[in-house]
Amino acid sequence: MTNVKLLDQFRSFYFKNYPEDMETQISYFSVFGGLDWEIDTTLPISQLIQSLILENFSQIDKKMCELTLHNTLNRKLLKALATGDRRIFSAFNKAGLNNKNGGVALNYLQEKGLIQIEYSREEHPRERFPNTKLKREQARHRISHKVLFTTPFIRFWFYFIVPHIKEIQKGEYSALLKNFELKRNSYTSLVYEELSEILLNYNLRDAHILSSGSYWDANIEIDILTLTQNGRIYVGECKWTNHKINKKELHKINDKCKKLGIEPTQIVFFSKRGFSKELMQLRGAKLALYSSEDFKALLKKSSAYTN
């Protein structure tokens with residue numbers, strides 16, 4: 001369901017720094033969100049990363065080590081979760097952890113409030129076909145839950161900073177900053193997806209939401225799948241890229257819905273750069289289109305509306 005903490009951080013960041021538009025708000029929030037800092041959002045993000053984070057690396061790293069109890073396994077798992085596909089089992093593998101020590105680390109990070117579990121809504125083949133003999137790969141299929149970071153800055157730290165720690169300690173920042181510019185859109189996409197779900201739930205606040213979040217299984221991934229008590233199904237896709245969403249994306253999401261066996265009440269697109277004219281003409285009851293400026297709606301309400 002809606003990440004209340006993220007919404008509160010989003011609003012706090014805006015009213016502390018007053019970015020000139022919502023695209024700037026989302027871009028800078030994805031890096032500095034959760035920090036009680038005043039950020040000059042008229043300056044380039046890379047410049048701010050260097051002056052506010054890299055040049056104060058020792059002090060920030062000390063606090064990060066305290067958050068993780070100076071525990072190597074905790075740090076390895078956070079790095080794997082930040083840079084991977086967020087699936088718990090694949091993060092264990094990436095961090096070189098097994099189910100036992102990985103589980104201990106995961107529980108600590110969850111109890112500390114650094115992460116929260118996003119539970120899979122996939123049905124195991126055994127549940128879908130209880131009276132059918134399954135193929136070996138189906139029977140062995142293991143459903144993996146995912147993890148969300150509760151604070152954008154924590155994820156930023158383990159996504160970009162931790163992999164370059166040795167260089168940073170030598171005062172060498174060029175590789176990190178180059179990596180940030182290369183990956184900043186893909187990095188921001190997850191925060192944008194989370195905020196998009198919050199915005200969708202805000203607009204559905206008069207409906208009783210039964211289930212909301214991303215959906216994934218062995219074959220399909222959907223950014224947002226929201227189900228309401230009255231049987232309505234909302235399917236959302238989020239694109240934090242420098243290209244407009246066109247009609248091809250509508251065909252793709254319709255194909256996903258068919259494979260999943262659902263008939264969406266409404267398809268919802270969220271786009272950093274807007275939409276093609278052809279897609280705009282299809283806007284209506286079956287298709288909702290949201291641009292960056294629509295996120296201003298989240299500034300009007302406190303987290304009290306959330307489910």
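The values are calculated or read from the model by the stated rules, or taken from the named source; none is laboratory data. Computed from a predicted structure; not experimentally measured. Don't worry about glycine lacking a Cβ; one is built from the backbone with ideal geometry, like all the others, and counts go over all protein chains shown.
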Among the residues of segment 100-126, the number that are touching a Phe, Trp or Tyr at 6+ places or on another chain (Cβ under 8 Å) and at pLDDT below 95 is 3
What's the total number of residues in segment 277-298 that are over 22 Å from Phe15 (Cα atoms) and surrounded by fewer than 16 Cβ atoms within 10 Å (Cβ to Cβ)? 9
If we only count helices (runs of 4 or more DSSP H) wholly inside segment 43-93, which ones have 3 or more residues that are within 22 Å of Val104 (Cβ to Cβ), assigned by TED's automatic domain parsing to the domain that holds Pro19 and among the charged types (D, E, K, R)? 72-83
Any residue at all in segment 3-24 that's β-branched (Val, Ile, Thr), assigned by TED's automatic domain parsing to the domain that holds Lys178, in contact with a Phe, Trp or Tyr (Cβ under 8 Å, 6 or more places away or on another chain) and free of Cβ contacts under 8 Å to residues at least 40 places away in the same chain? no
Out of all the residues in segment 51-61, is one or more buried (at least 21 other Cβ atoms within 10 Å of the Cβ), modelled with pLDDT of 95 or more and not aromatic (Phe, Trp, Tyr)? yes
Could you pull out the residue among Leu260, Leu250 that is among the hydrophobic types (A, V, I, L, M, F, W, C), within 24 Å of Glu118 (Cα to Cα) and either exposed (fewer than 13 other Cβ atoms within 10 Å of the Cβ) or more than 21 Å from the chain's Cα centre (by Cα) (or both)? Leu260
Would you tally the residues in segment 233-264 being over 15 Å from Tyr215 (Cα atoms), among the hydrophobic types (A, V, I, L, M, F, W, C) and touching a Ser or Thr at 6+ places or on another chain (Cβ under 8 Å)? 2
Find all pairs meeting these conditions: Cβ atoms under 9 angstrom apart; at least six residues apart or on different chains; first residue within segment 35-53 and under 22 Å from Gln169 (Cα atoms); second residue of a type in the set (Phe, Trp, Tyr) and in a loop (DSSP other than H, G, I, E, B). Ile49/Tyr173; Gln50/Tyr173; Leu52/Trp37
Step by step: first the residues of segment 127-161, then only those that are modelled with pLDDT under 95 and either assigned to a strand (DSSP E or B) or of a type in the set (A, V, I, L, M, F, W, C) (or both), then the one that is farthest from Ala95 (Cα to Cα). Which residue is that? Phe129
Residue count, segment 28-48 (criterion: surrounded by 18 or more Cβ atoms within 10 Å (Cβ to Cβ) and under 21 Å from Leu114 (Cα atoms)): 8
Quick test for you: out of Thr83, Thr72, pick the one residue that is at negative phi and touching a helix residue (DSSP H, G or I) at 6+ places or on another chain (Cβ under 7 Å). Thr83
